[in-house]
Amino acid sequence: MDHLFESIDFEENPLYERIISDIANQQYCIVDHFFTNEEVHLLREGLLKAFEKEAFKKAAIGNRLNETLERSIRGDIIFWMDEAKATDDEALFFNKINDFIAYLNKTCFLGILHKEFHYAIYPKGTFYKKHIDTFQNDDRRKLSFVCYLNEEGWEPAYGGELVLYLNEGEKRIYPLPGRVVIFESQVIEHEVKPVNKKRLSITGWLKTR
Ligand code: OGA
Ligand code: MN
């Protein structure tokens with residue numbers, strides 16, 4: 001028939017379609033089991049290893065400027081991931097992300113050209129006060145993407161909920177392993193409630209040019 005329709009190789013992905021329609025309808029989406037238990041396990045191990053290396057480096061350099069000011073807003077410890085130097089487990093993470101970005105770009109005209117991801121550890125007693133993710137004058141951030149890497153059995157008493165401030169009220173989301181939360185970076189105010197137990201995640205942004 002019409003030779004213009006050459007997208008024979010395009011296969012609709014029901015999960016991605018659900019994510020896209022949730023974001024279109026409510027500006028956020030929650031996906032449980034975006035990562036399998038096995039993947040979460042590997043990524044968590046990787047995070048902890050990277051953290052040890054980083055802590056070691058930091059101890060050698062000494063304390064950093066600005067730290068105290070920032071700690072009253074956010075208490076998490078972050079380190080950026082480098083796709084070019086990805087371990088096998090991180091490569092697996094980026095493969096999934098890249099697959100999703102390719103799908104978005106094929107179906108949504110969002111024009112995602114860049115991405116950035118960091119590991120985050122919230123030690124006991126830390127939090128991240130209410131904010132939006134474009135505060136650093138980076139209006140290229142379109143979608144925020146948070147992946148939780150906690151161990152099985154995260155309990156409400158541990159705290160650490162992500163709270164999204166929506167027009168219709170607050171949405172509280174527990175950081176369950178394998179769960180991914182995606183939301184519009186420029187519009188959704190959110191915070192991380194204080195944690196009573198170390199909380200592990202990867203957070204990132206899909207960005208336009
Ligand atoms: C952030 C953030 C949310 C979360 O890092 O900017 O809001 O649930 N993270 O970890
Ligand atoms: Mn944020």
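Taking 45 Å as R0, compute the FRET efficiency from the Cβ-Cβ separation of E12 and E54 and round it to 0.05. Please report the intermediate quantities before stating the final value.
On the way: r = 41 Å, r/R0 = 0.90.
Efficiency for this residue pair is about 0.65.
What is the calculated FRET efficiency for H33 to N105, with r their C-beta to C-beta distance and R₀ = 30 Å, to the nearest 0.05? Calculated transfer efficiency: 0.80.
Amide H contacts under 5 Å for K198: K124, restricted to partners 5 or more places along the chain or on a different chain, H placed in the peptide plane at 1.01 Å from N. For the pair V163 and D22, the difference between a 0.36 nm per residue extended length and the Cα-Cα distance amounts to 49.0 nm. With the simple spin-label model, which puts each label point 7 Å out from Cα in the Cβ direction, the V187 to A86 separation comes to 2.9 nm.
Coupling constants for the range 118-135 follow from the phi torsions by the Karplus curve (6.51 cos²θ - 1.76 cosθ + 1.60, θ = phi - 60°), and in residue order they are 9, 6, 9, 10, 9, x, 3, x, 9, 6, 9, 4, 3, 7, 10, 7, 10, 5 Hz; glycine and proline get x.
Highest mean packing first, where packing is the average number of other Cβ atoms within 10 Å per residue, the peptides 79-89, 13-23 line up as 13-23, 79-89.
Among 39-46, 27-34, how do they line up by average Cβ neighbours within 10 Å per residue, starting with the highest?
Details: 39-46: 19.5, 27-34: 16.9.
Put in order of decreasing packing, that is 39-46, 27-34.
Here, each number is a calculation from the coordinates, and none is a lab measurement. Note that the structure is predicted; figures quoted are calculated from it, not measured. Positions of Cβ are generated from backbone atoms using ideal geometry, with glycine treated the same way; all protein chains shown enter the neighbour counts.
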